[in-house]
């Protein structure tokens with residue numbers, strides 16, 4: 001109770017002091033100039049501050065573009081990725097052009113048309129011509145960007161399943177990936193999570209004849225310059241198949257099949273030899289070498305040298321071990337791909353081995 005009374009007394013004392021300060025202000029004789037109204041000197045200072053801010057802002061902006069450009073992804077490793085990157089940089093160029101012009105006008109006009117004693121602001125009600133111009137230009141630009149993007153979207157989503165198309169199922173689960181290749185029939189067998197049992201880890205329908213030659217692997221191999229169609233399933237929660245170097249991503253939704261496709265254009269070995277990747281690997285290995293010194297001093301193993309590989313990632317936070325959802329991708333020439341796929345065991349062969357046991 002005492003504390004409560006002390007709080008009330010302090011609050012009343014504060015209110016009293018506030019009211020007394022108002023009375024003192026009213027009792028003072030007023031000068032000819034109201035201190036609440038900006039003077040010419042104030043307006044001039046604010047105008048120069050606006051120009052200073054404009055200069056500092058642009059220097060900082062262009063410095064960041066220059067300094068952090070090394071964090072851009074390297075060139076796209078898929079056919080549609082080139083269009084994707086072109087659209088991104090075109091959008092960025094348009095945004096930067098508009099931003100530089102509008103910010104310059106905003107700050108420059110704030111300086112040149114700053115308030116001065118005796119100067120009255122010009123009242124400009126409306127101008128139909130100007131409003132038409134600044135409305136129709138964004139409409140045309142945005143329509144062009146959207147239409148351009150739709151063509152790229154169509155290339156990814158509308159993949160024709162012809163005899164040259166490689167059909168691969170991506171199966172997501174907490175917390176990993178499996179890939180299922182269609183066999184010689186180029187047709188994936190039916191599958192459902194209800195069929196998951198024992199060695200049948202992705203729920204393939206054993207009674208479906210198309211499933212016998214399917215091949216289930218934990219490492220994804222793709223032939224360069226060959227069209228690939230991915231069909232995706234999830235065993236449990238919402239995942240997201242993310243191919244950063246191929247500029248592709250698609251949600252993997254429980255209970256349904258989602259799909260997209262692309263054509264790889266740069267092999268894993270070719271990407272390793274690019275200047276961008278050589279510099280990146282060198283930088284990472286220098287960091288690992290420095291960190292290994294402390295590990296070795298503490299009796300731990302040194303870090304292994306880093307070597308670039310493509311990876312399929314999950315881009316949804318799907319659980320506590322979400323970071324583990326990575327699958328290595330090897331893009332290689334067609335001969336190496338055919339040799340690798342021929343070495344993989346088919347689903348029918350796996351079942352036959354189980355029956356023999």
Kindly indicate the residue of segment 113-126 that is surrounded by 10 or more Cβ atoms within 10 Å (Cβ to Cβ) and free of Cβ contacts under 8 Å to residues at least 40 places away in the same chain and also farthest from residue 56 (Cα to Cα) among those meeting that condition.
-> 119
Please state which one of 89, 53, 60 is exposed (fewer than 14 other Cβ atoms within 10 Å of the Cβ) and either more than 28 Å from residue 280 (Cβ to Cβ) or in contact (Cβ under 8 Å) with a residue 24 or more places away in the chain (or both).
-> 53
Can you name the number of the only condition in (1) modelled with pLDDT under 90; (2) closer than 30 Å to residue 262 by Cβ; (3) out of contact with any helix residue (DSSP H, G or I) (no Cβ under 7 Å at 6 or more places or on another chain); (4) not in a helix (DSSP H, G or I) that residue 70 fails?
-> (4)
Scope segment 262-279; condition under 22 Å from residue 249 (Cβ atoms) and not in a loop (DSSP other than H, G, I, E, B); matching residues = 262, 264, 268, 271, 276, 277
Across segment 188-204, what is the number of residues that are in contact with a helix residue (DSSP H, G or I) (Cβ under 8 Å, 6 or more places away or on another chain) and surrounded by fewer than 16 Cβ atoms within 10 Å (Cβ to Cβ)?
-> 3
By residue number, the members of segment 343-357 that are out of contact with any strand residue (DSSP E or B) (no Cβ under 9 Å at 6 or more places or on another chain) and outside any helix (DSSP H, G or I) are 357
Options 264, 254: the member that is closer than 20 Å to residue 84 by Cα and at pLDDT 90 or above | 264
When both residues are 6+ apart or on different chains and their Cβ atoms are under 9 Å apart, which pairs have a first residue that lies in segment 280-300 and is not assigned by TED's automatic domain parsing to the domain that holds residue 69 and assigned to a loop (DSSP other than H, G, I, E, B), and a second that is exposed (fewer than 12 other Cβ atoms within 10 Å of the Cβ) and modelled with pLDDT under 95?
-> 300/294
Looking at (1) touching a strand residue (DSSP E or B) at 6+ places or on another chain (Cβ under 9 Å); (2) surrounded by 12 or more Cβ atoms within 10 Å (Cβ to Cβ), which is the one condition that is false for residue 149?
-> (1)
Sort out which residues of segment 154-165 are surrounded by fewer than 15 Cβ atoms within 10 Å (Cβ to Cβ) and farther than 25 Å from residue 184 by Cα, and write them in order of number.
-> 154
Take residue 257 and decide whether it is surrounded by fewer than 14 Cβ atoms within 10 Å (Cβ to Cβ) and assigned by TED's automatic domain parsing to the domain that holds residue 331.
-> yes
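The values are calculated or read from the model by the stated rules, or taken from the named source; none is laboratory data. For clarity, every value in this text was computed on a predicted model and none was experimentally measured. Cβ atoms come from the backbone with ideal geometry, glycine included; neighbour counts cover every protein chain shown.
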